[in-house]
Amino acid sequence: MESKPTEDLSSSLSAASVKVLVYDHGEQPDNSQIMLSVADGSSRTFHVPEMRNYMFMPTSCGLVLLVDDTDSLQTSLWNPQTGEKIALPAMEKALPDQSYVIGLHELPATHPDSHLPPTKITINGMAAVQGKFYFHKSRDVVGVLSFARDPEPHFEMAEFDAPMPSFVSHLPQKVIMPYLMESSGELFLVCLFFHGCTLEHVAEVNAYRMDFAKKEWCKVTDIGDKAFLLGPGSFAASCSAMEHGLKRGCVYFAYDFLGDSNDYHIFDLAEGTRELARPTQDMPVLSCKPFWLVPVVP
């Protein structure tokens, strides 16, 4: 496989404008990245400095959050298609793996819990829809974060009940892996259901749209010309299937829990079928889980 410089990566992603699955392998600072196009199965190898000298986290809008892996902890947003970086304020301390930091919310003095010390809320997955951030505060409660400007900029937090969907299983125990995401300006939930207590086999995959009037998740089997991409770190993105050469109405899932394969799954929501796909070439030992790199949303 031929290695390509960083500028070739930018031009390739810009020209192709497709969703790619990235396999990062090797030991820093000599690691390299194999970019797999799930549309046609082609792959190319790159040496990307931004993925060699930084801690990074891809986002559903295409930009990649970079944190300098030194004492400076300088952060920036990187556009893989153009190579442009937007500097962000330096962080005071390193982020935990696969985490979000939104801010602090001070309870009013009249709140019954205002006398209690601050408590940390762990957010494993979040979706931004219509200027608000949605996350699962608990299994059956959806939290809402927003930023208001009247009378002055301030942080607001709310919540509402929305029971987590379930599925019929012959086993008394089952595991649900939920993914929150935005698609066409609406809030969606994709659930991967597992029999028993293991994550070795996906028993069922369903998609749900939030009905805000009823405050409930409504199952959908037709998502139009959309494809949903799921990955590690609660990553979830939506894209046009036709524009990017993907299968419409399908969920692409790339997350190997056991770490012993490079396969990815394709679930057809309407037909209820599934397909297992893999790179046509052998992959070296990976340094992290494969992740999606998507075109930047204008």
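Things to note:
- Net +/- balance of residues flanking Pro178 in space, Cβ distance below 12 Å, scoring K and R +1, D and E -1: 0
- Kirkwood hydrodynamic radius of the stretch 44-88, Cα pairs, Å: 10.8
- If R0 is 30 Å, the Cβ-Cβ spacing of Leu276 and Met164 corresponds to a FRET efficiency of close to 0.65.
- Residues His201, His154 in ascending order of nearby Cβ atoms (within 10 Å, fewest first): His201, His154.
- Sites Glu243 and Asn124, calculated FRET efficiency, Cβ-Cβ separation with R0 45 Å, nearest 0.05: 0.90
- Going from the fewest other Cβ atoms within 10 Å to the most, the residues Val220, Val294 appear in the order Val220, Val294.
- One quarter of the surface of the convex hull around the alpha-carbon atoms of the stretch 187-298 equals 8.9 nm², the direction-averaged projected area.
- Between Asp68 and Asp225, full extension at 0.36 nm per residue minus the direct alpha carbon distance yields a gain of 52.7 nm.
- With a simple spin-label model that places each label point 7 Å from the Cα along the Cα-to-Cβ direction, the separation between Met283 and Ser42 comes to 2.0 nm.
- Fewest-first sequence of Tyr54, Tyr134 by Cβ atoms within 10 Å of each Cβ: Tyr54, Tyr134
- Within the stretch 170-228, the percentage of alpha carbon pairs spaced more than 18 angstrom apart rounds to 40%.
- Lys215 paired with Glu156, simple spin-label distance in nm, labels 7 Å along Cα-to-beta-carbon: 1.6
- In a DSSP loop and with at most 12 other Cβ atoms within 10 Å, there are no chymotrypsin sites (Phe, Trp or Tyr not before Pro) in the stretch 162-196.
Computed from the coordinates by the stated procedures, all read-outs in this text should not be read as laboratory data. All values reported here derive from a predicted model rather than from experimental measurement. All Cβ positions, glycine included, derive from the backbone under ideal geometry; neighbour counts span all protein chains shown.
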